[in-house]
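Asks: I'd like to ask some things about the structure below.
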Amino acid sequence: MIGALLLIVMLVLLAGGIWIAMTLAIVGWVGQAFFTNTLPGKNLFSAFWESNASWELAALPLFIWMGEILFRTKLSEEMFEGLRPWLNRVPGRLMHTTILGCGVFGSVSGSSAATCATIAKVALPELKKRGYDENLAIGSLATAGTLGILIPPSITMVVYAVAADASIIRIFLAGFLPGALLMLLFSGYIGWWSLRNPDKVPPADPPTTFLQKIKASGNLIPCSLLIVFIVWVLVAGWATATECAAFGVLGSLAIAAWGRSLTWENFRAGVMGATRTSCMIMFILAGAAFLTKTMAFTGIPRELAEWVDGMHLSPYALIAALVVVYLVLGTALDGISMIVLTSAVVMPMIQKAGFDLVWFGIFIVLLVEIAEVTPPVGFNLFVLQNMTGKDSNLIAKASIPFFVCLVVCIGLITLFPQIVTVLPNVVMGVDK
């Protein structure tokens, strides 16, 4: 009952045009003021401070600034020119760059919001300029941005590993194949859609020779070297994600200056753009953190999990029930909070049912990805709403086909758990 009332308050505020972050904070305040004995003012202050006073979170504005630099200078245009000859005959053509970009950048950032915002800043203007369908581009970015938490390293995976007392390395390794599978599903849908709607795809360019493709690929070298360097340093353990983000900014500035496309005007515009986007995301994070505190005080996530446990379901019926529970929680909580608030009840249920904790970790991450694009609190929807000016419901509608791809991926790893477990078992041996 409490959850339903808070959801109604949230929907009314959103319909009234109240800022997303303010809506989340107001709903949290109402929940604490009327349904708990806590002090909402004190909790509001602590939630806002704790959600943003994080060294790891410093990577977010830095990665967004890196995307702004690529966007404001000629680097993003050069990247598309380098990819164009190779994707010219593939159904969907340059639309696949959103998936490839999110996959590669997600492996660096570990953040869904940073991946979504950075790739959107680079890709959307280029795709729109070249005549690609804007709704398809926005829908693909909203969902492909979630690859940032599936392809390691991922903050969400670390939180799950700690909560489940599982091996972080095994969970990291387990994320690679499902991440590649999800990218294939996304690109497969883009190709299918393009074949069904040829009038909404720009005409193919004249055929190019292999040597011309190699020459065009020279445009990819600067940014590719930068990304490879960042990934290499991160995987080798020589730097944290935040330090890698700083390297990314410095590298982007150096490449832009070398190419003589960096000016004081676009430098200033990039700083201001990154500041606006980062402040928007951090404000929403703060509001979501306060709402999460309210959910914890009211006990709604724990009661849902205990209700499922009391049903004494078969293993796969339990998985189906947990999908429903986490989808419901995803309408009001961020992914990390979903894991933290339910782990104490859910983990014993999973172990009792005989499921592998590493497999369940990837299962949970995929559900968190779905939560990122589920209204009314789908975080990636708000990021793209701010960047495009479009209504979040329209963005959610454009994301539906890719949402289905996420559901299909969950089904595939449930039917074929080896997709998740084979890589950690090969690299580290079977976990006994």
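The values are calculated or read from the model by the stated rules, or taken from the named source; none is laboratory data. Remember, predicted model here, so these are calculated numbers, not experimental data. No Cβ is skipped: glycine too gets one built from the backbone with ideal geometry, and neighbour counts run over all protein chains shown.
Asks: Need the failing condition index for Phe172 against (1) surrounded by 16 or more Cβ atoms within 10 Å (Cβ to Cβ); (2) part of a helix (DSSP H, G or I); (3) in contact (Cβ under 8 Å) with a residue 40 or more places away in the chain, just the number.
Replies: All conditions pass for Phe172, except number (3).
Asks: Taking the range 218-265 only, how many residues are farther than 30 Å from Ile169 by Cα, part of a loop (DSSP other than H, G, I, E, B) and without any contact (Cβ under 8 Å) to a residue 60 or more places away in the chain?
Replies: Qualifying residue count for the region: 2.
Asks: Within the range 164-211, which residues are of a type in the set (Lys, Arg), touching a Pro at 6+ places or on another chain (Cβ under 6 Å) and closer than 22 Å to Pro91 by Cβ?
Replies: Matches in the range 164-211: none.
Asks: With the requirement that a residue be in a helix (DSSP H, G or I) and out of contact with any Lys or Arg (no Cβ under 6 Å at 6 or more places or on another chain), what does the range 414-427 give you?
Replies: Thr414, Leu415, Gln418, Ile419, Val420, Thr421, Val422, Leu423, Asn425, Val426, Val427
Asks: Of the numbered conditions (1) surrounded by fewer than 17 Cβ atoms within 10 Å (Cβ to Cβ); (2) among the β-branched types (Val, Ile, Thr); (3) at pLDDT 80 or above, Val201 fails exactly one; give the number of that condition.
Replies: The number of the failed condition is (1).
Asks: Restricting to the range 189-198, and then to whatever is exposed (fewer than 15 other Cβ atoms within 10 Å of the Cβ), in contact (Cβ under 8 Å) with a residue 24 or more places away in the chain and outside any loop (DSSP other than H, G, I, E, B), can you tell me which residue is nearest to the chain's Cα centre (by Cα)?
Replies: Checked the range 189-198; the qualifying residue nearest to the chain's Cα centre (by Cα) is Trp192.
Asks: Now, a different point. Filter the range 305-319 down to residues that are of a type in the set (Phe, Trp, Tyr) and either at pLDDT below 75 or part of a loop (DSSP other than H, G, I, E, B) (or both), then give me how many there are.
Replies: Qualifying residue count, the range 305-319: 1.
Asks: Would you say Arg130 is loosely packed, with under 15 Cβ neighbours inside 10 Å and at pLDDT 85 or above?
Replies: In short, no.
Asks: Follow-up question, since we're still on this one. Is one or more of the residues making up the range 54-61 in contact with an Asp or Glu (Cβ under 9 Å, 6 or more places away or on another chain), surrounded by 16 or more Cβ atoms within 10 Å (Cβ to Cβ) and at pLDDT below 80?
Replies: Checked against the condition, which is being in contact with an Asp or Glu (Cβ under 9 Å, 6 or more places away or on another chain), surrounded by 16 or more Cβ atoms within 10 Å (Cβ to Cβ) and at pLDDT below 80, the range 54-61 yields at least one hit.
Per-residue answers, yes or no, for (1) touching a strand residue (DSSP E or B) at 6+ places or on another chain (Cβ under 8 Å); (2) aliphatic (A, V, I, L, M); (3) not in a loop (DSSP other than H, G, I, E, B):
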{"residue": "Ser140", "(1), (2), (3)": "no, no, yes"}
{"residue": "Ala144", "(1), (2), (3)": "no, yes, yes"}
{"residue": "Thr156", "(1), (2), (3)": "no, no, yes"}
{"residue": "Ala166", "(1), (2), (3)": "no, yes, no"}
{"residue": "Pro178", "(1), (2), (3)": "no, no, yes"}
{"residue": "Phe186", "(1), (2), (3)": "no, no, yes"}
{"residue": "Pro202", "(1), (2), (3)": "no, no, no"}
{"residue": "Thr208", "(1), (2), (3)": "no, no, no"}
{"residue": "Ala216", "(1), (2), (3)": "no, yes, yes"}
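Asks: All but one of (1) touching a Ser or Thr at 6+ places or on another chain (Cβ under 8 Å); (2) within 30 Å of Leu250 (Cβ to Cβ) hold for Phe186; state the number of the condition that does not hold.
Replies: Answer for Phe186: the failing condition is (2).
Asks: Let me ask you something else. Just checking, does the range 374-394 include any residue being farther than 20 Å from Ile119 by Cβ, in contact with a Leu (Cβ under 8 Å, 6 or more places away or on another chain) and not in a loop (DSSP other than H, G, I, E, B)?
Replies: no
So that you can scan it fast, the table gives a plain yes or no per residue for (1) surrounded by 15 or more Cβ atoms within 10 Å (Cβ to Cβ); (2) at pLDDT below 85; (3) more than 18 Å from Gly148 (Cβ to Cβ); (4) out of contact with any Leu (no Cβ under 7 Å at 6 or more places or on another chain):
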{"site": "Leu225", "(1), (2), (3), (4)": "no, yes, yes, yes"}
{"site": "Val235", "(1), (2), (3), (4)": "no, yes, no, yes"}
{"site": "Gly251", "(1), (2), (3), (4)": "yes, no, yes, no"}
{"site": "Ala254", "(1), (2), (3), (4)": "no, no, yes, yes"}
{"site": "Arg260", "(1), (2), (3), (4)": "no, yes, yes, yes"}
{"site": "Phe267", "(1), (2), (3), (4)": "yes, no, yes, yes"}
{"site": "Arg276", "(1), (2), (3), (4)": "no, yes, yes, yes"}
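Asks: Could you please find all residues in the range 205-219 being surrounded by 13 or more Cβ atoms within 10 Å (Cβ to Cβ) and either closer than 12 Å to Leu83 by Cβ or modelled with pLDDT under 80 (or both)?
Replies: Selection gives Thr208, Lys213, Ala216, Ser217, Asn219.
Asks: Going through the range 237-249 one residue at a time, which ones are buried (at least 17 other Cβ atoms within 10 Å of the Cβ) and aromatic (Phe, Trp, Tyr)?
Replies: Hit for the range 237-249 is Phe247, nothing else.
Asks: So for the range 267-286 (the condition being of a type in the set (Gly, Ala, Ser), within 14 Å of Trp19 (Cα to Cα) and either in contact with a Ser or Thr (Cβ under 8 Å, 6 or more places away or on another chain) or touching a residue at least 60 places away in the same chain (Cβ under 8 Å) (or both)), does at least one residue qualify?
Replies: yes
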